[in-house]
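The structure appears right after this line, and notes come after that.
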Amino acid sequence: MAEKAPLVGIVLGSANDWPKVQGAAEVLEQFGIAYEVSVMSAHRTPTDVAEYASRAAQRGLKVLIGAAGGAAHLAGVLAAHTILPVIGIPVPTELAGGLDSLLSMVQMPGDVPVAVVGTNSGGPRNAGLLAVQILALNQPELQEKLLQFKQKLAEKVRAAHVSLQAQLARSTPTS
């Protein structure tokens, strides 16, 4: 089977960020969505970022994910040069645990939107899931996969509830 063309572009501010954000790629793989990963810096290679973002739609990409830490301007620079939806992953840093990255991303000026996920370990997964949800708007088969995913989440929580209730019942002293 021929490899599918990527629909999502994941752009990292540093190759060192990959272990912290690869959860986004894992979600895309779980849903069968092809993606590409690039390393570019908003500050060190700004023309590369601008060129990548400005050509992303014509190359067939549908969503961009920008992951950066510290002065995390990568997602904003991507958004400035594309009409595609951009999701920012604020990468945790030693300085402020990711708060600095988060604040850099959520303070975008009006008319240049960037959707931003959390700085915790769920952030990259949520970025991947948000990309899936965006793509599912026009793909009924992907919508069905998302519905099944949500149903499994609900079943897992309900099972945890039943398990906890049984545990509590066993540990409650009888009079």
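A single member of Ala57, Ala34 is in contact with a Lys or Arg (Cβ under 8 Å, 6 or more places away or on another chain) and farther than 30 Å from Asp100 by Cβ, and it is Ala34. Identify, please: which residue in region 4-21 is within 23 Å of Leu135 (Cα to Cα) and open to solvent by less than 60 Å² (accessible area, probe 1.4 Å) and is, among those, farthest from the chain's Cα centre (by Cα)? In this case the residue turns out to be Pro6.
Is it fair to say Val112 is open to solvent by less than 40 Å² (accessible area, probe 1.4 Å) and not in a helix (DSSP H, G or I)? So Val112 passes the test.
Being modelled with pLDDT under 95 and part of a helix (DSSP H, G or I) holds for only one residue in Leu103, Leu129, Leu142, and it is Leu103. Here is a check on your reading of the model: is Gly118 assigned to a helix (DSSP H, G or I) and under 20 Å from the mean Cα position of the chain (by Cα)? It is false that Gly118 is assigned to a helix (DSSP H, G or I) and under 20 Å from the mean Cα position of the chain (by Cα). Being more than 26 Å from Glu144 (Cα to Cα), surrounded by fewer than 23 Cβ atoms within 10 Å (Cβ to Cβ) and within 18 Å of the chain's Cα centre (by Cα) is a condition met by no residue of region 43-66.
The values are calculated or read from the model by the stated rules, or taken from the named source; none is laboratory data. This one's a predicted model, so the numbers in the text were calculated from it and none came from an experiment. All Cβ positions, even for glycine, are placed from backbone atoms using ideal geometry, and neighbour counts span all protein chains on display. Ligands, DNA and RNA are stripped out before the accessible areas are found, and what is left, the full protein with its side chains, is counted by its heavy atoms. Shrake-Rupley method; radii C 1.70, N 1.55, O 1.52, S 1.80 Å.
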